[in-house]
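**Student:** This structure is in structure tokens; I'll ask about it shortly.
Nothing in this text is a laboratory measurement; each read-out follows from the coordinates by a stated rule. Since the model is a prediction, treat every value here as computed from it, not as a measurement. Using ideal geometry, Cβ is built from the backbone for each residue, glycine included, and neighbour counts are taken over all protein chains shown.
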Amino acid sequence: MRARLALASAAILAGLVGAGLFSSVLAQPAANQGKKTEAQYAGGFRPDACRYPKLARDKQLSGCCQMDLEIGPDGQVISADGVCSDPLFLEPTVRCLVAQEFIPATRNGQPVRDLQHLEYEWRATTPSKTNLCNKLKTS
């Protein structure tokens, strides 16, 4: 069961990256800031840090979190904050994202701090009748 949940979480995160849903919340750089690249997910998913919340698993709940991440010049998450369809998903989402590795953003070839906005979805093995992600998107 844990392996399936870890694989599902890995697939979701990989899907976010592949779909280009890691998008910067910063505006385009001003002319005096030089050429900038955004921070990117580096891969190397760590399933031990991304355990499905036990209460949600027991109740077969799915959930969705919209997260704002601050990624440092070393590629590590400095801070993570967000809103989730159910509060029980927030702490596990932060724990999971902080454990992941990112390629830092750059400006003029030098690593810099970056802000990223992403959606992290938790899917129960047997989806609940209520799609919590849709509820979050419409609120």
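**Student:** Between GLN40 and SER79, what is the label-to-label distance in nm when each label sits 7 Å out along the Cα-to-Cβ direction?
**Tutor:** The answer from the label model is 2.7 nm.
**Student:** Same structure again: In a shell of Cβ-Cβ distance under 10 Å around THR37, excluding THR37 itself, what net charge do Lys and Arg (+1) and Asp and Glu (-1) give?
**Tutor:** Net local charge, THR37 excluded: +1.
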